[in-house]
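Enquirer: There's a structure below that I have some questions on.
The values are calculated or read from the model by the stated rules, or taken from the named source; none is laboratory data. Note that this is a predicted model, so its numbers are computed, not measured. Counting neighbours? That spans all protein chains shown, and the Cβs are built from the backbone with ideal geometry, glycine included.
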Amino acid sequence: MNIMNDSEGIQERPYHCRHCGKNFSYKSVFHRHMRTHTGEKPYKCHQCEKDFSEKNYLLKHLRTHTGEKPYTCSECDTSFSHNISLINHIRTHTGEKPYKCNQCDKAFSQNIGLISHLKTHTGEKPYTCNLCDSAFSHNIRLKVHLRAHTGEKPYKCNRCDKAFSLNSGLVSHMKTHTGEKPYKCNQCDRAFSHNFNLINHFRIHTGEKPYKCNQCDKTFSQNNNLKIHLISHSGEKTHQCNHCDKAFSIKSHLIKHLRLHTGEKPYQCSICDKVFSQHNSLKAHLRLHSGIKPYQCSLCDKAFSYKSSLKTHLRTHTSDKVYPYRMSKSNARKKCYTYNFIESKLEMMDEQMDSDINDTKDLSAPKFELKEELP
């Protein structure tokens, strides 16, 4: 009985592939299959150099030139050029993730997402840069990495001259034009245009300083401040002033210094006519108009507009004497503890006054934060 069925099946599928043994009922399907062995691609795009093994693939490809998007989502207005793209999109509405990893709990809406994820378990990095030793688990990451060598920045802002190597960089940058600040702090009223700015800001509330210097005991709330600090250990000063003999380890310090030679004062007060060469000087000046005194003495009720004024005032509590030879050991310990406590408080104030550069572009309104103090 089985032999009969097998022979009937062969007669129903008379087209036999000699390469893999498969049988086909229709000649057209057999010919399409044979192209998977021969590599033949007879269907050529007349608008670019691509060619395809099947006519259907060519028709789908042509939509990338015409912009035709015949597949529309019934839940929203989004349209797609390919049906598979619509199917994948619908899962964003349903939340369906049919592709599950068999090594962890993660699941994906698309098979390609699962294939990509599995490489994190195997450690496989098949995509190697031919210009350096870097290797990547995903081809797209290699493409992005190569732009570091070529300097290519294909994503251009249509409102200014900036360009970016990643689309996400452009999307993030556009918020500086729109003023959009979707990331809100749940501890205070601050809002930010970028999530990483909120993460950095939140450390003001938690006091977290995860970035540690491996050459001294200093810690920082932001990685960028640690990088700047590390230069102070190297002693390297590569940024030379072309007007005098001074050199600087940080480029921004050279830019500030050059204003002493040029007399440039780019920061103007929006309330009076005063101009300043430094951004921090303008921010300090604006406190005279607002009356804000952010530097609070932790030992009495006095408050000050400037950090230097608070430091001067604190000497009235410490007498600026922390040497133990004129007092008992217990009093000396108290004095030293008080002094260290005050210095610690000042550093915390600096953290609380930390201002993100991306969110303080507009100087028309006073912003009363200070950067983390660096050596």
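Enquirer: Quick check on my filter: what residues within the range 247-267 are out of contact with any Cys (no Cβ under 9 Å at 6 or more places or on another chain) and surrounded by 14 or more Cβ atoms within 10 Å (Cβ to Cβ)?
Expert: Answer for the range 247-267, where residues must be out of contact with any Cys (no Cβ under 9 Å at 6 or more places or on another chain) and surrounded by 14 or more Cβ atoms within 10 Å (Cβ to Cβ): SER249, ILE250, HIS253, LYS256, ARG259, LYS265, TYR267.
Enquirer: So for the range 229-244 (the condition being closer than 30 Å to GLN187 by Cβ and of a type in the set (S, T, N, Q)), does at least one residue qualify?
Expert: Scanning the range 229-244 turns up no residue that is closer than 30 Å to GLN187 by Cβ and of a type in the set (S, T, N, Q).
Enquirer: May I pose another question? Can you pull out the helices (runs of 4 or more DSSP H) entirely within the range 29-122 that have at least 2 residues that are over 30 Å from LEU142 (Cα atoms)?
Expert: Output list reads 55-66, 83-94.
Enquirer: Of these, ASN102, ASN56, which one is loosely packed, with under 11 Cβ neighbours inside 10 Å and out of contact with any Lys or Arg (no Cβ under 7 Å at 6 or more places or on another chain)?
Expert: Answer to the check: ASN102.
Enquirer: Identify, from the list LYS125, LYS119, LYS106, the residue that is more than 22 Å from PHE164 (Cα to Cα), without any contact (Cβ under 8 Å) to a residue 60 or more places away in the chain, touching a Phe, Trp or Tyr at 6+ places or on another chain (Cβ under 7 Å) and among the charged types (D, E, K, R).
Expert: LYS125
Enquirer: So, one more: Go through the range 169-183 and count every residue that is farther than 18 Å from HIS201 by Cα and in contact with a strand residue (DSSP E or B) (Cβ under 6 Å, 6 or more places away or on another chain).
Expert: Number satisfying all stated conditions: 1.
Enquirer: What number of residues within the range 237-254 satisfy the criterion of being over 21 Å from LEU226 (Cα atoms) and either touching a Phe, Trp or Tyr at 6+ places or on another chain (Cβ under 7 Å) or not in a loop (DSSP other than H, G, I, E, B) (or both)?
Expert: 1
Enquirer: Counting just the residues of the range 303-331 that are farther than 30 Å from TYR267 by Cα and part of a loop (DSSP other than H, G, I, E, B), which one comes out modelled with the highest pLDDT?
Expert: Among those residues, the one meeting the criterion is SER319.
Enquirer: Same structure, new question: For ARG159, are the conditions met, namely being within 30 Å of SER249 (Cα to Cα), of a type in the set (Lys, Arg) and at pLDDT 85 or above?
Expert: When the stated conditions are applied, ARG159 does not pass them.
Enquirer: Now for a different question. For the structure I just gave you, tell me whether HIS31 is over 27 Å from ILE112 (Cα atoms) and at pLDDT below 90. Let's see the steps before the verdict.
Expert: Values: over 27 Å from ILE112 (Cα atoms): yes; at pLDDT below 90: yes.
The answer is yes for HIS31.
Enquirer: Is it the case, given these coordinates, that PRO70 is within 30 Å of HIS93 (Cα to Cα), exposed (fewer than 14 other Cβ atoms within 10 Å of the Cβ), touching a helix residue (DSSP H, G or I) at 6+ places or on another chain (Cβ under 9 Å) and of a type outside the set (Gly, Ala, Ser)?
Expert: In short, yes.
Enquirer: Then there is this: Quick test of your reading of the structure: ASN242 fulfils all but one of (1) over 27 Å from the mean Cα position of the chain (by Cα); (2) under 28 Å from LEU170 (Cα atoms). Name the failing condition by number.
Expert: The failed condition is (2).
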